[in-house]
Amino acid sequence: MTEQTSGDVLIVGAGPTGLTLAIDLARRGVPCHVVEAAGQRAENPRCNTTSARSMEIFRRLGLADDIRRAGLPSYYPTSIQYRTTMLGEEIFRIDLPSARDVLAGVGKENWPTPEPQHRISQLFLEPLLEQHARGLPGVTLERGTRLVELTQHDDHVEAVVESAGERRTLRCAYVVGCDGAHSAVRRQLGIRYEGVDAIQKFVSTHARHSGIGARPARD
Ligand SMILES: Cc1cc2nc3c(=O)[nH]c(=O)nc-3n(C[C@H](O)[C@H](O)[C@H](O)COP(=O)(O)OP(=O)(O)OC[C@H]3O[C@@H](n4cnc5c(N)ncnc54)[C@H](O)[C@@H]3O)c2cc1C
């Protein structure tokens with residue numbers, strides 16, 4: 001097995017957390033190496049609403065406007081409607097502004113933040129963060145590389161990673177686990193999940209249809 005020095009910080013996972021951390025560290029001049037198990041991005045949508053606090057962090061990193069322009073077309077109101085069917089009786093609605101309105105300052109007086117929450121699917125957010133991270137000096141990002149094992153030493157960490165069936169050891173000062181709910185880093189550290197692991201169960205269906213959004217989106 002080969003051993004490789006991997007900069008100051010090894011970030012495990014290139015989801016929104018790992019990518020945002022990589023961008024933040026790079027901007028502070030801290031080199032980092034991101035390993036991501038998946039060779040390709042997932043195709044199923046997950047996060048849809050990015051909170052105001054996350055948008056504030058993206059603002060600090062200079063990314064908020066780009067993120068606000070990505071995802072839904074800028075003129076789309078991001079209101080939520082609860083209906084009996086797609087075009088049936090409306091039971092309740094939460095009216096929210098379009099990205100264009102937010103950028104123009106509409107409704108600012110009602111939000112105690114310069115960056116209200118934003119509707120962008122994780123499908124659009126992640127590539128934008130990844131593209132930005134890849135363009136920064138000091139960031140190395142490897143897809144198709146999975147963390148297998150960690151060993152803590154007094155002044156460094158050794159991480160065994162696997163890509164295309166080949167294992168190698170990365171030596172780094174710090175490892176940060178950004179590897180999601182089933183985190184291998186968490187398990188390696190012996191940190192157990194506490195509390196109720198499933199407070200609700202739901203099924204999410206991803207459907208594609210050329211005209212499905214047009215009619216309800218009109219209002
Ligand atoms: C249907 C659905 C809807 C959601 N809606 C919202 C929402 O509206 N708003 C919201 O804020 N959140 C929402 N979430 C939650 C949101 O998706 C997660 O909070 C978010 O993905 C967490 O980001 P993360 O970067 O911490 O982890 P993840 O996105 O899980 O990324 C972890 C990454 O680590 C990689 N990885 C895992 N193990 C290893 C390993 N051993 N080595 C290397 N890489 C590894 C994975 O491949 C993955 O890319 C939703 C989730 C689902 C499923």
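The values are calculated or read from the model by the stated rules, or taken from the named source; none is laboratory data. In this text, all values refer to a predicted model and were calculated from it rather than measured experimentally. Heads up, the Cβs are rebuilt from the backbone with ideal geometry, glycines too, and the neighbour counts pull from every protein chain shown. These area figures cover heavy atoms from the full protein model, side chains too; ligands, DNA and RNA do not enter into them. Shrake-Rupley method; radii C 1.70, N 1.55, O 1.52, S 1.80 Å.
Numbers at a glance
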item	result
Net charge dipole size for region 79-193 [Lys, Arg +1 and Asp, Glu -1 on Cβ; Debye, nearest 20]	160
Net charge, E3 excluded, C-beta distance under 10 Å - Lys, Arg +1, Asp, Glu -1	+1
Region 89-130 and region 1-71: distance between their alpha carbon centers, rounded to Å	21
DSSP bridge orientation in the chain - percent antiparallel, rounded to nearest 5	55
GluC sites (Glu not before Pro), loop per DSSP, at most 11 other Cβ atoms within 10 Å - longest free stretch of the chain	90-193
Residue range of the chain that is longest and free of chymotrypsin sites (Phe, Trp or Tyr not before Pro) which are both DSSP loop and sparsely packed (at most 15 other C-beta within 10 Å)	76-192
Two-site label geometry, Y174 and Y193: point separation in nm, points 7 Å out along Cα→Cβ	2.6
Accessible area expressed per residue, the chain, with surrounding protein chains retained (probe 1.4 Å, Å²)	63
Length released on extending from R167 to Y76, taking residue separation times 0.36 nm less the Cα-Cα span	28.0 nm
Local net charge near E149, Cβ-Cβ under 11 Å (Lys/Arg +1, Asp/Glu -1)	+1
Rounded to the nearest 10 Å², the accessible area of T151 at probe 1.4 Å	60
Gyration tensor (alpha-carbon) shape descriptor, region 27-121, a/c threshold 1.5	oblate
Gain in span if fully extended, H206 to R59, counting 0.36 nm per residue against the direct Cα distance	49.9 nm
Accessible heavy-atom area order of K201, K108, highest first, probe of 1.4 Å	K201, K108
Net charge of Cβ neighbours under 9 Å - reference E162; Lys, Arg +1; Asp, Glu -1	+2
Length-normalised contact order for the chain - Cα pairs under 8 Å, 6+ apart - percent	31
Accessible surface of the chain [probe 1.4 Å, protein heavy atoms]: carbon and sulfur percent	51
Rg/Rg_globular for the chain, with Rg_globular taken as 2.2 N^0.38 Å and Rg from C-alpha atoms	1.20
Mean projected area (nm²) of the alpha-carbon convex hull when region 95-219 is viewed from all directions	14.0
Extension gain (nm, one decimal) between S51 and D8, 0.36 nm per residue minus Cα-Cα	12.5 nm
Nonlocal amide H pairs with V148, under 5 Å, H built at 1.01 Å	V160, V161, E162
